[in-house]
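A.B. asks: Before I ask anything, here is the structure I am working with.
The values are calculated or read from the model by the stated rules, or taken from the named source; none is laboratory data. Model, not experiment: these values are computed from the prediction. In this analysis, Cβ positions are derived from the backbone assuming ideal geometry, glycine residues included, and neighbour counts consider all displayed protein chains.
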Amino acid sequence: MQPGEDPHKQAHLEGLRGVAALVVVAHHYLCTFFPAAIFGGGARYQFENWLYNTPLQVLVAGNFAVCVFFALSGYVLSYRFIATKDVAFLRSGAIKRYFRLAPPIFAAVMLSYGLYRLGGIHNAAAAKITGSDWLSVMWPHAAGSLPEALWQGTVGQLLGKANPDIFDKPLWTMNVEFFGSLAVFAFLAAFGTAKKRWMLYIVAAGFCWNSYYLAFIFGMALCDALAIWPKQRFHPITLGLAGAAGLLLGSTGMTGPVWDFYSQLRMPFAPNADVFALPHTLGAGLVLAVVLYSGVLKRLLATRPMVYLGKISFSLYLVHMVIIGSVGCGVFVWLSSRVSYGWAAVGAAGAVVLVLGMVVPVFARAVDQPAVRLANRIARHWRPPNSAT
């Protein structure tokens, strides 16, 4: 790594982010129209059983993809400090984090609220046909008020004090992203130059072993490792095995003897924790490590389509469920009385892809990119108060 190099110019990271965003979209599409593929139960089609009962689940493992996002954040947010040891990068990053995340979140919530109030959300009607309990609890009428939308969009989601089911299910991750980012800055400010910081990484990982914050620690540690050993190389077989292990952990579901053994093993230590946190964060850390050390994967992920997808991935992540719940469910309900279930779901998928293709680039240009500029401008002009005066 070169000091001061912009991690966002590492195109393979953008590509990986784009792939993770596509996995999340596919996951929520299946949760909506083919719930058996994600939650099990009565499957309409054989492919649902294949996805649910085999490692093919990794292709639509939304929670695992979110953990990849978190690990990427740990890597990217620590990159400049680890390359330069300049604490100003940490202060700047902490100052601008809210302003980077809040405007796109607010816009997504208000989009959802507006569509809901205009009668454009059709999740309830679709859920009666698909049988998706996951879909049926979203956009509850009693809670979808303007004050609630303003609260969620400005601070509620970032503080983890709001129910994401009310407006935009994927926003549950924003609380973890926000506080995980601040934790990265705080850890590096306190220990980033310590000679024995690797022991501190292990201690921090021990505290976070059963939470999604573990992914941020993996990202930081990988960034530090690449800075210390920039010429380290691994045999392709080693990388292949590590990647396979990461994907296998990412495909972890709720069935099978291995999963049952793991669930019983962890229960006494963290009975209230998310059961997927540990295997999915471990898998995400392994996948990120393989991408960082694999020249082949770097080239594949650095192709122009992948990089573009990565650049709009945050916008895609924020608005896709709103489009599925409005356009996708609306088209599905309309088609379901005219064609078979499968063709109705295919038609819904086509409508969602078409609308996302129009909405996401506009959202990125009109909301996400201005938020980046605003955050950078605020961080650039902000000065800490002088305690001497």
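A.B. asks: In the list 188, 214, 247, which residue meets the criterion of being part of a helix (DSSP H, G or I), surrounded by 15 or more Cβ atoms within 10 Å (Cβ to Cβ) and modelled with pLDDT under 95?
C.D. replies: 247
A.B. asks: I've got another one for you. Can you find, within segment 10-37, the residue that is nearest to residue 319 (Cα to Cα) among those that are β-branched (Val, Ile, Thr) and touching a residue at least 60 places away in the same chain (Cβ under 8 Å)?
C.D. replies: Result: 25.
A.B. asks: Residue 389 versus (1) assigned to a helix (DSSP H, G or I); (2) over 30 Å from residue 152 (Cα atoms); (3) modelled with pLDDT under 95; (4) not acidic (Asp, Glu): which is the lone unmet condition?
C.D. replies: Against the list (1) assigned to a helix (DSSP H, G or I); (2) over 30 Å from residue 152 (Cα atoms); (3) modelled with pLDDT under 95; (4) not acidic (Asp, Glu), residue 389 comes up short only on (1).
A.B. asks: Tell me which residues, restricted to segment 114-135, are free of Cβ contacts under 8 Å to residues at least 24 places away in the same chain and more than 13 Å from residue 324 (Cα to Cα).
C.D. replies: Result: 114, 118, 119, 128.
A.B. asks: If residue 322 passes every condition in (1) surrounded by 19 or more Cβ atoms within 10 Å (Cβ to Cβ); (2) of a type in the set (A, V, I, L, M, F, W, C); (3) farther than 24 Å from residue 68 by Cβ but one, which one does it miss?
C.D. replies: So residue 322 meets the others, but not (3).
A.B. asks: Related question: For segment 105-126, enumerate the residues that are hydrophobic (A, V, I, L, M, F, W, C) and farther than 10 Å from residue 144 by Cβ.
C.D. replies: 105, 106, 107, 108, 109, 110, 111, 115, 118, 124, 125, 126
A.B. asks: Here's something else I'd like to know. Cβ contacts < 6 Å: first residue farther than 15 Å from residue 275 by Cα, restricted to segment 195-215; second residue of a type in the set (Lys, Arg) and crowded, with 18+ Cβ neighbours inside 10 Å, any location; separation 6+ or different chain. Result?
C.D. replies: none
A.B. asks: From the list 380, 365, pick out the single residue that is touching a residue at least 60 places away in the same chain (Cβ under 8 Å), basic (Lys, Arg) and assigned to a helix (DSSP H, G or I).
C.D. replies: Within the list 380, 365, the selection yields 380.
A.B. asks: Right, something else. Taking the conditions exactly as written (crowded, with 23+ Cβ neighbours inside 10 Å and either within 15 Å of residue 314 (Cβ to Cβ) or in contact (Cβ under 8 Å) with a residue 24 or more places away in the chain (or both)), does residue 62 satisfy them or not?
C.D. replies: no
A.B. asks: Looking at this structure, is residue 206 at pLDDT below 95, closer than 24 Å to residue 160 by Cα, surrounded by fewer than 16 Cβ atoms within 10 Å (Cβ to Cβ) and not polar (S, T, N, Q)?
C.D. replies: It is true that residue 206 is at pLDDT below 95, closer than 24 Å to residue 160 by Cα, surrounded by fewer than 16 Cβ atoms within 10 Å (Cβ to Cβ) and not polar (S, T, N, Q).
A.B. asks: Here is a follow-up. Name the residue, out of 156, 160, that is surrounded by fewer than 20 Cβ atoms within 10 Å (Cβ to Cβ), within 19 Å of the chain's Cα centre (by Cα) and closer than 26 Å to residue 65 by Cα.
C.D. replies: Step by step, each of 156, 160 is checked, and only 160 is surrounded by fewer than 20 Cβ atoms within 10 Å (Cβ to Cβ), within 19 Å of the chain's Cα centre (by Cα) and closer than 26 Å to residue 65 by Cα.
A.B. asks: Can you confirm whether residue 21 is aliphatic (A, V, I, L, M), more than 19 Å from residue 187 (Cβ to Cβ) and surrounded by fewer than 22 Cβ atoms within 10 Å (Cβ to Cβ)?
C.D. replies: Considered against the rule, which asks whether it is aliphatic (A, V, I, L, M), more than 19 Å from residue 187 (Cβ to Cβ) and surrounded by fewer than 22 Cβ atoms within 10 Å (Cβ to Cβ), residue 21 comes out as no.
A.B. asks: Can you name the residue in segment 325-353 that is of a type in the set (Ser, Thr, Tyr) and part of a helix (DSSP H, G or I) and is also surrounded by the fewest Cβ atoms within 10 Å (Cβ to Cβ) among such residues?
C.D. replies: Ranking the qualifying residues of segment 325-353, first place goes to 341.
A.B. asks: Hey, can you tell me all the residues within segment 191-211 that are under 22 Å from the mean Cα position of the chain (by Cα) and part of a loop (DSSP other than H, G, I, E, B)?
C.D. replies: Within segment 191-211, 208, 209, 210, 211 qualify.
A.B. asks: Anything in segment 129-153 that is surrounded by 15 or more Cβ atoms within 10 Å (Cβ to Cβ) and part of a helix (DSSP H, G or I)? List them, or say none.
C.D. replies: 129, 130, 134, 135, 136, 148, 149, 150, 151, 152, 153
A.B. asks: Right, something else. Count, please, the residues in segment 1-38 that happen to be part of a helix (DSSP H, G or I) and either at pLDDT below 90 or β-branched (Val, Ile, Thr) (or both).
C.D. replies: 9
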